[in-house]
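The values are calculated or read from the model by the stated rules, or taken from the named source; none is laboratory data. All values reported here derive from a predicted model rather than from experimental measurement. Backbone-built Cβ (ideal geometry, glycine too); neighbour counts: all protein chains shown.
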Amino acid sequence: MRTYRIAVVPGDGIGIDTVDQAVQTLETVCEVHGGLGFTFDRYPWGCRHYLETGEMMPKDGLTILADYDAILLGAVGFPTVPDHVSLWGLLLPIRKTFDQYINLRPVRLLAGVPGPLRDKGPEDIDIVCIRENTEGEYAGVGGRVHVHTDHEVAIQSTVFTRLGVERVLRYGFELARKRPRKELVSVTKSNAMQYNMVFWDEVFRELQGEYPEVTCRQYHVDALAARFITAPESLDVVVGSNLFGDILTDLGGALQGSLGIPPSANIDPTRRHPSMFEPVHGSAPDIAGQGIANPIAAIWAASMMLDHLGHEDAGSLLMEAVEAVTGAGEVRTPDLGGRSTTAEVGDAIRAALRAAGA
């Protein structure tokens with residue numbers, strides 16, 4: 001039996017509640033599966049740690065995480081800590097240091113979940129979004145001069161490298177050709193951004209010759225945002241830059257009925273470093289500690305972690321249990337119109353897992 005070491009960073013707010021449900025559910029997967037095991041080490045890093053120590057994680061935090069097989073993250077954010085501090089103090093250092101250059105986000109409407117689009121069901125909304133995760137608009141290149149004067153200037157530069165663009169686009173092509181539809185959409189804005197996005201488009205065209213079986217299209221990001229709403233069934237695999245992918249996948253999360261549902265994977269495809277799995281939702285401090293947060297996103301992220309670790313059978317088993325619960329429609333947290341608690345949803349999913357393995 002293979003045992004994996006997982007670093008658990010619950011973070012802040014509802015991240016603590018939802019990641020606990022993910023850990024308990026992974027333990028149940030091990031019981032049912034019988035062929036894998038996990039050891040979990042928890043690290044109390046995040047905004048609370050920042051308020052107590054002045055840093056989001058200790059100076060040797062990345063060295064500590066490097067020894068794990070994967071990282072399970074809850075959520076990060078607190079009202080008295082600026083978002084750029086929390087993002088650049090924890091999330092982005094992990095993504096960049098461990099070269100997690102793929103951010104993978106499934107946009108899929110689960111059985112039984114009422115989506116916001118009229119006449120669109122689970123058969124219509126099944127998109128995989130691939131977001132470049134280490135450079136682009138979030139490269140962190142820029143600065144400010146003449147601060148707090150009438151002549152103040154702020155410059156933020158987008159950085160596209162051939163390595164970065166080609167590898168994320170190639171990941172998109174590889175994924176698209178494995179899916180039944182074999183369709184890939186590239187997100188661009190080259191009509192207005194004549195250097196970096198034209199470069200992105202050129203690399204996209206160059207790679208098309210290597211994947212003749214993949215049907216390719218490209219859309220300007222604004223047109224594609226509209227298409228997410230008007231014709232989501234026309235989309236299969238979507239690949240975009242760091243900023244475009246970030247915005248479109250949050251729009252995709254809305255299509256899934258609640259931000260308590262969509263998961264996210266920050267992946268190093270080379271497997272030289274640990275990859276990180278997290279729910280898309282934020283820390284939601286307004287409902288933290290009330291026991292009503294939806295744990296499905298964190299549990300789905302755990303399923304993606306199982307897939308990445310090579311246990312797709314266990315990942316599928318877990319998602320079947322999730323959809324058994326959502327499809328029944330009896331146990332739902334308030335974001336989906338129900339009255340169930342975080343723990344009750346987790347318990348229902350684990351009960352479905354045990355029933356499937358019986």
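Of note:
- Qualifying residue in the stretch 260-283 (condition: more than 29 Å from GLY37 (Cα to Cα) and either of a type outside the set (Phe, Trp, Tyr) or surrounded by fewer than 19 Cβ atoms within 10 Å (Cβ to Cβ) (or both)): no
- Remark: PRO10 falls outside the filter, which requires a residue to be under 23 Å from the mean Cα position of the chain (by Cα) and assigned to a loop (DSSP other than H, G, I, E, B).
- Strands (runs of 3 or more DSSP E) contained entirely in the stretch 158-253, each with at least 1 residues that are farther than 20 Å from THR134 by Cα and among the hydroxyl-bearing types (Ser, Thr, Tyr): 215-220
- Looking only at the stretch 61-77, and only at residues there that are hydrophobic (A, V, I, L, M, F, W, C) and assigned to a loop (DSSP other than H, G, I, E, B), the one that is modelled with the lowest pLDDT: VAL76
- The lone exception for LEU87 - which of (1) surrounded by fewer than 20 Cβ atoms within 10 Å (Cβ to Cβ); (2) in contact (Cβ under 8 Å) with a residue 12 or more places away in the chain it fails: (2)
For (1) more than 26 Å from THR249 (Cβ to Cβ); (2) in the same structural domain as ASP126 (by TED's automatic domain parsing); (3) part of a helix (DSSP H, G or I), each residue gets a yes or a no:
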position	(1), (2), (3)
ALA22	no, no, yes
THR25	no, no, yes
LYS59	yes, no, no
GLY89	no, no, yes
VAL107	no, no, no
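- When residues of the stretch 118-146 are limited to those that are hydrophobic (A, V, I, L, M, F, W, C) and buried (at least 17 other Cβ atoms within 10 Å of the Cβ), the one modelled with the lowest pLDDT: ALA139
- When residues of the stretch 149-174 are limited to those that are among the hydrophobic types (A, V, I, L, M, F, W, C) and within 21 Å of GLN218 (Cα to Cα), the one surrounded by the fewest Cβ atoms within 10 Å (Cβ to Cβ): LEU163
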